[in-house]
Amino acid sequence: MNRHITLCSRIVFYNLLALLLFGKSTLAQSDEYRDVGECTITNNQAHDKSLFSVFPNGANGCQFEEEIGHNSDTYRLRFDVGNNKNNSHIQVIDNQGRNHTVAIDDFIGISTSVTVSLLPLYDQHRPSLLINYVTYGNGFNNCTVNNMVVFDQNIPSGKIRVSADTLNIAEIQNNNPHSFNACFEFEDITDNGVLEALALDGRFGYQFSSGVGSAAPRRVMRFTNNELQDITHQHLPYLRQQAQSLWNLVLERSNEGNFEYFGYMGAYAGVKSLLGEYQEAKSLIQRRMDIDNSRNRYFGDDFITDLEAFLLSNNYGLR
């Protein structure tokens, strides 16, 4: 069940942008979206496991209700959202009658959406409700804000709102503990029917290269009753696969004579650090720079010095 819900959201967003700017879109030729007030609501089920996304396109926004569920687990969602609208929120009533409010921290234009999904985050037979809102940007890290709230019967309170300050993947933005400068995707990497959350560490973006030359380690997370927990160290084969892929990208750039590969080297060193193999990565990186005579291509004073300072400041070890 390898599904990538963020890819669908990006496709939908760029289609909507084309519709708003040019008056036509691939979505406009189908029944995959509808307008409610000053919102566009897309039907995502043809693309992946997410159900629908809401794109406010005006200050008044929209107010509407949706009832979704799987077998006996039913949720009633009441939306009241708009661009830069005070107190944008979603009211969620679960099948136990509990009333939850999901506050929307920032709706700053057509680049922001709310995606609603039913995903197996705890039990493959009883999917959880995920409300995920993202503000898209340009460059290395397209998901500049990614807030998540999960509803599930396994959670004592009925819901978890994921907090950035409990995870080692992003700087906390504007004193908002729920705002991630990191992209998330959801995959079943253990092949047990339950999805893991894969988080791209957004702090690596633009540290050692331009956006197009940036890369980052992808951390493995799982949902518990209280939080989203980093379990990357339990998935060493996944880390080794990442490290090999990143180093292959370094070699590709080297073979092409394109030595803007320091972003890939930085991500590679980060992954090897998670494996406890940083010194091995350092030696390989130094040899590659010597072979390519690329030290003077780095925009800083010294790549290794900057890399090690960055890794240490972000809780990546140098063993």
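The values are calculated or read from the model by the stated rules, or taken from the named source; none is laboratory data. Keep in mind that what you see is a predicted model, and the values were worked out from it rather than measured. When we count neighbours, we look across all protein chains shown, and the Cβ atoms used for this are built from the backbone with ideal geometry, even at glycine. All accessible areas refer to the heavy atoms of the entire protein, side chains included, with ligands and DNA or RNA removed. Shrake-Rupley method; radii C 1.70, N 1.55, O 1.52, S 1.80 Å.
Yes or no: residue 288 crowded, with 16+ Cβ neighbours inside 10 Å and of a type outside the set (S, T, N, Q)?
yes
Name the residue that is farthest from residue 36 (Cα to Cα), counting only residues in segment 63-98 that are surrounded by 16 or more Cβ atoms within 10 Å (Cβ to Cβ) and of a type in the set (Ser, Thr, Tyr).
Filtering segment 63-98 for residues that are surrounded by 16 or more Cβ atoms within 10 Å (Cβ to Cβ) and of a type in the set (Ser, Thr, Tyr), the one farthest from residue 36 (Cα to Cα) comes out as 75.
With respect to residue 312, determine if the residue is assigned to a loop (DSSP other than H, G, I, E, B) and surrounded by fewer than 18 Cβ atoms within 10 Å (Cβ to Cβ).
no
Looking at residue 298, is it under 30 Å from residue 197 (Cα atoms) and assigned by the TED database to the domain that holds residue 209?
no
How many of the residues in segment 218-249 are in contact with a Phe, Trp or Tyr (Cβ under 7 Å, 6 or more places away or on another chain) and within 30 Å of residue 300 (Cα to Cα)?
4
What pairs can you find where one residue is in segment 63-90 and without any contact (Cβ under 8 Å) to a residue 12 or more places away in the chain, the other is among the basic types (Lys, Arg) and open to solvent by 20 Å² or more (accessible area, probe 1.4 Å), and their Cβ atoms are less than 6 Å apart, with a gap of 6+ or different chains?
67/76
Kindly check whether there is at least one residue in segment 129-139 that is at pLDDT 90 or above, of a type in the set (A, V, I, L, M, F, W, C) and touching a helix residue (DSSP H, G or I) at 6+ places or on another chain (Cβ under 9 Å).
Looking through segment 129-139, at least one residue is at pLDDT 90 or above, of a type in the set (A, V, I, L, M, F, W, C) and touching a helix residue (DSSP H, G or I) at 6+ places or on another chain (Cβ under 9 Å).
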